[in-house]
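Asker: Take this structure first; my questions come after.
The values are calculated or read from the model by the stated rules, or taken from the named source; none is laboratory data. In this text, all values refer to a predicted model and were calculated from it rather than measured experimentally. Cβ coordinates were reconstructed from backbone atoms using ideal geometry, including for glycine residues, and neighbour counts include every protein chain displayed.
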Amino acid sequence: MITQPPGRSGSFEDNSLRGYDVLISKDGVNYLAVGSRNQIGEESQSDFLETAVDFPTIIARYVRMVVTEFANRNASPSVGELEVFGEGFDRQGTYLSPALDLGSSERKNFDRVLRFGDVSVTADMAIQFRSGDDGENWSGWSAWSTAPEIELTVPEPRRLLQFRLRMQTPDSFVSPQLDSLVVLYDDGSLPASVAMASIVPPRVSIGVDTTFTYSLGLEVGAQNSGIDRLIILTPWPAQLDIAGISGGATIAAEGTYATGDSLVIAFDPPITSDAQLEIPFTSRLLSASHTFQGFLFAPDADDALSVQPREGEDPLTALPYSVVSEATSFDFPILQNVRPYPAVFTPNNDGVNDRVGFGFTLGRVSAAPARVEIYGLGGNLVRALSEQRLDAGFYAPVGLGARVEVPFFWDGRAQGGDMQPPGLYLYRLIIDIEPDAVVATGVVGIAY
């Protein structure tokens, strides 16, 4: 404890405390006394300037000093500083890497990062990334990720990559450890030198079929390999208006299709020069907002080039260009259109209707825990399908002319692997959100 220096007419003796207790706490509520100092100045006048209380090392987050003695009733002691010293290591730390060119000065198409190290159950390690060309003008940071394999969602192509690391642990003897990062990228011929896009309209009604227009500006030079495929992430299976596409590209209908969350557009021949495409399609918003992220593929390439949001302001709306469309209302059910596909299935290994899929439409959620439970008519649990985390979307194996994947299938077997006899079974689809789970029930049949 350091005493506040006195003014011209005072002294350290006037400003000094005469006694105090030191208490520590882990939670800021329950405090433990660990030491005290009393009769300050009795042994040495230098104690009026500063004093110290030593105590065994103990884990704590809060320190409190309680004054126990004054020089006299009219004294006005003044504490200048309270310094606390400890041993060991900080339980939380961050690290900012230098700008990394990854051994190549070329602009890169980033794929993903593999993280190697050791993270205990109680510890935490998170990483985020950003990209740039000159080491000074950087993109925004990506979201924090704790996964050992991270898909890079940074602007590209760019020359440089930088990462920021956050580590913390509640255990004094176990710390997270990062051994290495492996960055997968392609610095060969890219599909395009520049690819920027925007979407209109920027605001729409939720759950209603809406005609969107995806504007894609491309700069493709002789050093680029060209573009033979574009994928746009959609919130609902899209219906593409091929005749309405403008910009000079030729669409390959046989390679163009929709899935539950993507619109795939094939070009034949590939786009090999600058272009400005206007791509109309119909989809519908199922959540508060959706980012119509685009990805470009060169011929015979597996790695995609991320399309970047167009810069500037749209003169028609006076709003900044964006690839995000937002909902104007939230009057839309969380769970609807739940049904089995097919209603009766025959798990006899003949390759036809050997399992049942559960289709549904999910709205207004993000990474919601979802699971399906199968019961006998007597109420006994037969099978619990593995829980998955789902975003708002359309999940049904048939309809809309799209290639849609279903998250839940049942093969007619119990939890232990035994095939169940013919008959009717009850299913419960559970979306486990706060404050109350949303549940749908129905009947599915097994027949031979």
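Asker: Give me the residue from segment 233-281 that is of a type in the set (A, V, I, L, M) and within 11 Å of TYR214 (Cβ to Cβ) and, out of that set, nearest to the chain's Cα centre (by Cα).
Answerer: LEU233
Asker: Exactly one of these conditions fails for ALA126: (1) among the aliphatic types (A, V, I, L, M); (2) in contact (Cβ under 8 Å) with a residue 24 or more places away in the chain; (3) in a loop (DSSP other than H, G, I, E, B). Give me its number.
Answerer: Condition (3) is where ALA126 drops out.
Asker: Considering only segment 342-373, state which residues are under 31 Å from the mean Cα position of the chain (by Cα), of a type in the set (A, V, I, L, M, F, W, C) and surrounded by 14 or more Cβ atoms within 10 Å (Cβ to Cβ).
Answerer: Within segment 342-373, PHE358, PHE360, LEU362, VAL365, ALA368, ALA370, VAL372 meet the criteria.
Asker: Can you pull out every residue in segment 391-448 that is touching a Ser or Thr at 6+ places or on another chain (Cβ under 6 Å) and in a strand (DSSP E or B)?
Answerer: Of everything in segment 391-448, those that are touching a Ser or Thr at 6+ places or on another chain (Cβ under 6 Å) and in a strand (DSSP E or B) turn out to be PHE394, ARG403, ARG428.
Asker: Let me ask you something else. Any residue in segment 392-406 that is among the basic types (Lys, Arg), at pLDDT 95 or above and either outside the structural domain of GLN239 (by TED's automatic domain parsing) or in contact with a Gly (Cβ under 9 Å, 6 or more places away or on another chain) (or both)?
Answerer: no
Asker: Looking at GLU149, GLU136, which is the one that is surrounded by fewer than 12 Cβ atoms within 10 Å (Cβ to Cβ) and either over 17 Å from the mean Cα position of the chain (by Cα) or free of Cβ contacts under 8 Å to residues at least 24 places away in the same chain (or both)?
Answerer: GLU136
Asker: Restricting to segment 241-272, and then to whatever is among the small types (Gly, Ala, Ser) and under 17 Å from PHE297 (Cβ atoms), can you tell me which residue is surrounded by the fewest Cβ atoms within 10 Å (Cβ to Cβ)?
Answerer: GLY255
Asker: Identify, by number, the condition in (1) of a type in the set (A, V, I, L, M, F, W, C); (2) buried (at least 18 other Cβ atoms within 10 Å of the Cβ); (3) at pLDDT 95 or above; (4) more than 26 Å from ARG159 (Cα to Cα) that PHE292 doesn't meet.
Answerer: (4)
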